[in-house]
1. Before we move on, is A:Glu11 surrounded by 12 or more Cβ atoms within 10 Å (Cβ to Cβ), charged (D, E, K, R) and outside the structural domain of A:Leu141 (by TED's automatic domain parsing)?
2. Please enumerate the residues belonging to segment A:277-296 that are more than 25 Å from the chain's Cα centre (by Cα), under 26 Å from A:Gln174 (Cα atoms) and of a type outside the set (D, E, K, R).
3. Just checking, which of A:Leu26, A:Leu102 is at negative phi, aliphatic (A, V, I, L, M) and in contact with a Leu (Cβ under 7 Å, 6 or more places away or on another chain)?
4. Provide a single number: the residues in segment B:285-317 that are within 23 Å of B:Lys189 (Cα to Cα) and either in contact with a helix residue (DSSP H, G or I) (Cβ under 6 Å, 6 or more places away or on another chain) or in contact (Cβ under 8 Å) with a residue 60 or more places away in the chain (or both).
5. Looking at B:Gly187, is it within 14 Å of chain A (Cβ to nearest Cβ) and surrounded by fewer than 21 Cβ atoms within 10 Å (Cβ to Cβ)?
6. What is the residue count in segment B:265-289 for residues that are away from chain A (no Cβ under 14 Å) and either of a type in the set (D, E, K, R) or at positive phi (or both)?
7. Looking for whichever is closer than 26 Å to B:Gln46 by Cα, surrounded by fewer than 19 Cβ atoms within 10 Å (Cβ to Cβ) and either of a type in the set (D, E, K, R) or at pLDDT below 95 (or both) here; the options are B:Lys238, B:Lys256. Which one fits?
2 protein chains.
Amino acid sequence: MSSDIRKGLIEAFTNNPNQYLSGESLAELLGCSRTAIWKHIEALRQDGFILEAVRKKGYRIISSPEKIVPDNILFGLNTSYIGRNVHFEETVDSTQNIAQKLALEGAVEGTLVVAEEQIGGRGRLERKWQSPKYKGIWMSLILKPAIPIMKTPQLTLLIAVAVVQGIQDVTGVQADIKWPNDLLVNGKKLTGILTEMQADSDRVHSLIIGIGINVNQQLEDFEEELQSSATSIYLETKTSWDRAIIIQGIMKQIEKLYLLYLEKGFYPIKLLWESYSISLGQKVRANTLNGSIFGLAKGITDDGVLLLEDDQGEVHSIYSADILMET
Amino acid sequence: MSSDIRKGLIEAFTNNPNQYLSGESLAELLGCSRTAIWKHIEALRQDGFILEAVRKKGYRIISSPEKIVPDNILFGLNTSYIGRNVHFEETVDSTQNIAQKLALEGAVEGTLVVAEEQIGGRGRLERKWQSPKYKGIWMSLILKPAIPIMKTPQLTLLIAVAVVQGIQDVTGVQADIKWPNDLLVNGKKLTGILTEMQADSDRVHSLIIGIGINVNQQLEDFEEELQSSATSIYLETKTSWDRAIIIQGIMKQIEKLYLLYLEKGFYPIKLLWESYSISLGQKVRANTLNGSIFGLAKGITDDGVLLLEDDQGEVHSIYSADILMET
């Protein structure tokens, strides 16, 4: 695409701060078609500009690309080891893959991998995770708890609580947790968490915790099939956010809860998780690898396993499933 | 060390096949001290020669270094996918580390890493595993069963059974299994197995199974503190073995049991494991991360967990422990 049109667009918005400029007037000003204007507006959006489009008024730039300044993750970071060793990249296949390799090579506990963009972002159950450039927090944290693998679900729940609290502290957005660790706002997905591990039969070597948070996306930044089911902190607050500050807030909460867990065990974490959960006490459908179970989500066990009571009164232990809330 | 003495030694043994040559006569022949002869004999041993030393008679070479010919692992291999993709190296830190990286990079199921020597061989519970050059089988196999992490102990037990059967088929040596997967002959350790994994909360991505087998070691090849507690196939049979053939036998048994497991589940594997176990029905001491429990090894659960009944009649589930048999 012509870089002249792009430069002209940025100039026009700079000269008319906070004003709406119509596609028609921009096309006339720059001597090109309205389709060309629309394409360049989209390109700016994808490069991190936050733009507003209002029918019959036109376009307005709300903010220029906000990039993560890696130093800003450390500057003001209020932890003793979580997130203090930051590995930052512009574009990666997946922060999980990088963290997995770093863990194999002996990375210290608390090592954090952050990227501006993931080409092959992964979610639970081999799903893709959309990670558009400059829009969200795409990061992976390495923890090394001395626990047997049977207890890893506890850490999955701990991270969900810490992310809820970190987001709330910084932005005021209050998310609910859908078992085990989806964060929802009014039923729309704000955050996905993927816990991977390197372990042997006796104990965990490394937990690699992928955290994806939709931060500055506008509705149009989501692929169409996600627009009704996803949300972002921008959409919930009508404000764009410095993602480094949110990362700091989350690192602080993870460290606080992790130290609590190492000292007191899972019980206090369980209480917190239950207080944020929207799954418990609800009728839910759990789609597992071995079939589908419908029932009442009664609670979680001390290992973090979901207990589901079906209509015949039988209680099922759910280790891994997709949970559908029926409303 | 002088390579002339080494050459002279090999020549002397070649010219006197199957005869014992005394240190004194060799020293005289080669014009050096008896200490120099002894040092060179040790060097030959470490390089894979199998030597016998008999008091008042002298030294005899039983066989020259027997190396694994990588092609011979494939030639005659009777499997459809287990062990068919072989990654061979002369010297590695640990075959586990290499297999871990290959698994992250998407290695196919059944990929096998074999080395002649490990500098940093690892066992369970962060112990070292001695892996001297040309003497044993040091290998790591990648499996990708579609199971949740809770079921991985089942695969640990499956591998123990397959290794017992593979060794027995090829060499006639019949080993017992000490829970979960130590292979013993008359109470002496023949084989160690280390199961590591890459997984997420929902399922296993890769199991990386390290198998270390003492094959052609003579007693002097073991470090002194192991000489009373370790054994080798050579020590049990008084014969040196082509390790590639033993690897083939084990790959064949692993594939057979693994296919059985994928089709019929853990039950038939459990019965086989129980038939080889020397732990069950015995009073044992389990040293776990959280302390020591003494009791009767009653059995294993359907997940592969050891059940231990203490003197008060309480049954403990043992996920991870060192088991001491009290005799």
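The values are calculated or read from the model by the stated rules, or taken from the named source; none is laboratory data. Here the structure is a predicted model, which means the values were calculated and not measured. Note: ideal-geometry Cβ built from the backbone for every residue, glycine included; neighbour counts use all protein chains shown.
1. Working: surrounded by 12 or more Cβ atoms within 10 Å (Cβ to Cβ): yes; charged (D, E, K, R): yes; outside the structural domain of A:Leu141 (by TED's automatic domain parsing): yes.
So A:Glu11 passes the test.
2. Listed by number, the residues that qualify are A:Gly281, A:Leu296.
3. Details: A:Leu102 fails: in contact with a Leu (Cβ under 7 Å, 6 or more places away or on another chain).
Result of the check over A:Leu26, A:Leu102: A:Leu26.
4. Going through segment B:285-317 one residue at a time, the tally reaches 5.
5. Details: within 14 Å of chain A (Cβ to nearest Cβ): no; surrounded by fewer than 21 Cβ atoms within 10 Å (Cβ to Cβ): yes.
When the stated conditions are applied, B:Gly187 does not pass them.
6. The qualifying residues number 5.
7. Details: B:Lys256 fails: closer than 26 Å to B:Gln46 by Cα.
Only one candidate qualifies: B:Lys238.
For every residue, the table says whether it meets (1) small (Gly, Ala, Ser); (2) over 19 Å from A:Lys7 (Cβ atoms).
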| position | (1), (2) |
| --- | --- |
| A:Gly23 | yes, no |
| A:Trp38 | no, no |
| A:Ile41 | no, no |
| A:Gly83 | yes, yes |
| A:Thr111 | no, yes |
